[in-house]
1. Which order do peptides 403-410, 275-282 fall in by mean Cβ count within 10 Å, highest first?
2. What spacing in nm lies between the two simple spin-label points modelled at H46 and K183, each 7 Å away from Cα in the Cβ direction?
3. Under a plain spin-label model, where a point goes 7 Å from the Cα along Cα-to-Cβ, how far apart in nm are N293 and T382?
4. What's the angle, to the nearest 10 degrees (0 to 90), between helix 54-73's Cα axis and the longest principal axis of the chain?
5. Can you tell which of A199, P224, L94 lies farthest toward the positive end of the dipole of the chain, using +1 and -1 charges on the Cβ of basic and acidic side chains (Lys, Arg; Asp, Glu)?
6. Accessible area per residue, 1.4 Å probe, Å², for the chain: what's the number?
7. Can you compute the equivalent ellipsoid semi-axes for the chain, i.e. the square root of 5 times each eigenvalue of the Cα gyration tensor, sorted largest first and rounded to whole Å?
8. Given a Förster distance of 22 angstrom, what is the FRET efficiency for Y84 paired with I404, based on the Cβ-Cβ distance and rounded to 0.05?
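The values are calculated or read from the model by the stated rules, or taken from the named source; none is laboratory data. No experiment lies behind these values; they were computed from the predicted model shown. Glycine also receives a Cβ, built like all others from the backbone with ideal geometry; neighbour counts cover every protein chain displayed. Side chains are part of the model used for accessible areas, which takes the heavy atoms of the whole protein and leaves out ligands, DNA and RNA. Shrake-Rupley method; radii C 1.70, N 1.55, O 1.52, S 1.80 Å.
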Amino acid sequence: MERLTKILLLVSRLIIGATFIFSGFVKMIDPVGTSIKFQDYFEAMHLGFLVPNALVFAILLACVEFLLGVNVLLALSPRHTSWYVLIFMSFMTLLTLYLALGNPVSDCGCFGDAVKLTNWQTFGKNIVLMAFTLFYFYYRQNIPYLYHEHFHWLPSLITFVFGVAVVLHCYFHLPIIDFLPYKLGTNIQKGMEIPAGAAADVYETTFIYQKGGEKKEFTLQNYPANDTTWHFVEQKSVLKTKGYEPPIHDFSLLDKTTGEDITDVVLQDTSFTFLLISPKLEKAVDAHIDQINNIYDYSQDKGYKFYCMTSSVNSEIENWINATGAEYPFTLTDETALKTIIRANPGMVLLKNGTVVGKWNSGDIPDEKAMSEYITKVNNGTVLKETDPNVSIIWKAFIGYGLILALLLAFEKTVMAMIDAVKRFFSFKNKAKKKEEVVHDPHENPADYKELDS
């Protein structure tokens, strides 16, 4: 029985730890997407005053989940960690039950855009995870330590700091793994296609007719088509079964000046098209306006199209033009669609023949020379095979983080001895200082007492 308990405890730790690490990781690399989901929650629950702090909540949740997962796997402070995991899972299980029953938001966002789950699927997942959590909590005293018990705070601190660093890097650049429908190499037109034979939405339609003072609902099968004594009032359609929805279903460009839909013109252009993406211009970062304007000038010299896609109203567009000197044309697009294209405000997307061949946060947009080299690589078909320097930095950081934890484990006794030496040094200094204060205290010096007596 003891052997079985150990096996189940190990399995519980592996499942809980892996789930928390994965959930935290996909949120860490997409803090903007996580903050958008928090905004959806706050608005659905009538907590609009929390919306401005959505990014802070997103960063904390991602880092805490990642930290708890690492703590569970590495058996760091299991007595405290088990309590934190139990409280966390209890709250999340109740929350997802509320979401499943009320459906205020369609996607809980627990795994970001990496894995989409319905609210009932998420609740079922949490029930299973809660069972492992309870087992882990009950047998927390039996978990063997990997690190020395007085040493657990250091790998936990390193993990949290590492998580914050990854989140901030991905916020100021772009997610190192793009789970969005518009990732590099995606052909937008193909992404909007519905395969032949795909399931369609199924609606239940009811008709409301009135006869005298009585109103009654009818279906398609029994509505009074030939009975003139009933008068039609209204029709209701309720979605019963969701059909196939293409990954890209809301991409459009409406020319601000002419009101013309130029979506097909842009997607069928065999040359290059630059798209400056800003869901809301009034909230856009304007620190790199000169570089954006330079790329617009570059596109004009080369004969490439350039559009700014936004959902801002005309007055905000005019404010942007006056503040930045923008000369490029503007198109109107749904705000949610723009947030799905790129996690930046503003960000830039490069299209060729309707295919995404480049994505940059505004701070990473190449200069004219680098952009020419990039476009040459696109024409040669090599750019999508290369690794973004920002992505390689993060993966190197992950490797470095793992090596640090391994070195801490390997040289644990040496590090503990160094920490104890530092503690003893400061303890010695404090004692020496106190001793010095005692010697010079006039109330403790007998000679001073005699002088006072005289």
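1. On the way: 403-410: 13.5, 275-282: 22.5.
So the order, starting with the most tightly packed, is 275-282, 403-410.
2. With each label point 7 Å from Cα toward Cβ, the separation is 4.0 nm.
3. 3.5 nm
4. 60 degrees
5. The listed residue farthest towards the positive side: L94.
6. Values: 25590 Å² over 454 residues.
Accessible area per residue, the chain: 56 Å².
7. Ellipsoid half-lengths, sorted descending, are 53, 35, 24 Å.
8. On the way: r = 23 Å, r/R0 = 1.04.
Rounded to the nearest 0.05, the efficiency is 0.45.
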